[in-house]
1. For the stretch 35-55, give me each residue that is among the aliphatic types (A, V, I, L, M) and either under 14 Å from TYR80 (Cβ atoms) or surrounded by 14 or more Cβ atoms within 10 Å (Cβ to Cβ) (or both).
2. Only one residue in TYR80, TYR87 is among the aromatic types (Phe, Trp, Tyr), under 16 Å from ALA11 (Cβ atoms) and either open to solvent by less than 50 Å² (accessible area, probe 1.4 Å) or touching a residue at least 12 places away in the same chain (Cβ under 8 Å) (or both), so which one is that?
3. Could you check the stretch 56-70 and list, in sequence order, the residues that are touching a strand residue (DSSP E or B) at 6+ places or on another chain (Cβ under 7 Å) and open to solvent by less than 60 Å² (accessible area, probe 1.4 Å)?
4. Would you confirm, using the coordinates I've provided, whether ILE75 is surrounded by 12 or more Cβ atoms within 10 Å (Cβ to Cβ), touching a helix residue (DSSP H, G or I) at 6+ places or on another chain (Cβ under 8 Å) and touching a residue at least 40 places away in the same chain (Cβ under 8 Å)?
5. Determine the pairs where a residue that is basic (Lys, Arg), located within the stretch 12-24, has a partner that is open to solvent by less than 30 Å² (accessible area, probe 1.4 Å) with Cβ atoms under 8 Å apart, the partner being 6 or more residues away or on another chain.
Amino acid sequence: MVVFLMVWRYATEGVRRKIAMRNISDSLIEEVLKNPHNVVEGKRGRLIAESEYIKTGLGNLLLRVVYEEGEGEKIVVTAYWTRPERYSGVRRT
């Protein structure tokens, strides 16, 4: 049996703190990186993993995790909640 291990980290401690202030947990970041609904190309060669969630009192939200790939790991640059319709015209890969 082969087990796939996701290797990722935050770009800086400041990035980790900002994401935590947005009520986005490490486990949620990992879930989106492992199994995104979509991945789109971002700026400066970055990738954006996206997944939709239903949040109580807020309805449908899109979690976007912006990351860079490097030497066998994903380096998270930022993550944020947004409305899915804001990015409905974005080309999906």
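1. VAL39, VAL40, LEU47, ILE48, ALA49
2. Residue meeting the stated conditions: TYR80.
3. Within the stretch 56-70, LEU61, LEU62, LEU63, ARG64, VAL65, VAL66, TYR67 meet the criteria.
4. Values: surrounded by 12 or more Cβ atoms within 10 Å (Cβ to Cβ): yes; touching a helix residue (DSSP H, G or I) at 6+ places or on another chain (Cβ under 8 Å): no; touching a residue at least 40 places away in the same chain (Cβ under 8 Å): yes.
So ILE75 fails the test.
5. Partner pairs satisfying both residue conditions: ARG22/ALA79.
The values are calculated or read from the model by the stated rules, or taken from the named source; none is laboratory data. On a predicted model such as this, the values are computed, not experimentally measured, just so you know. For neighbour counting, all protein chains shown are included, and Cβ atoms are generated from backbone atoms with ideal geometry for every residue, glycine included. Just the protein is used for accessible areas: all its heavy atoms, side chains included, with ligands, DNA and RNA removed. Shrake-Rupley method; radii C 1.70, N 1.55, O 1.52, S 1.80 Å.
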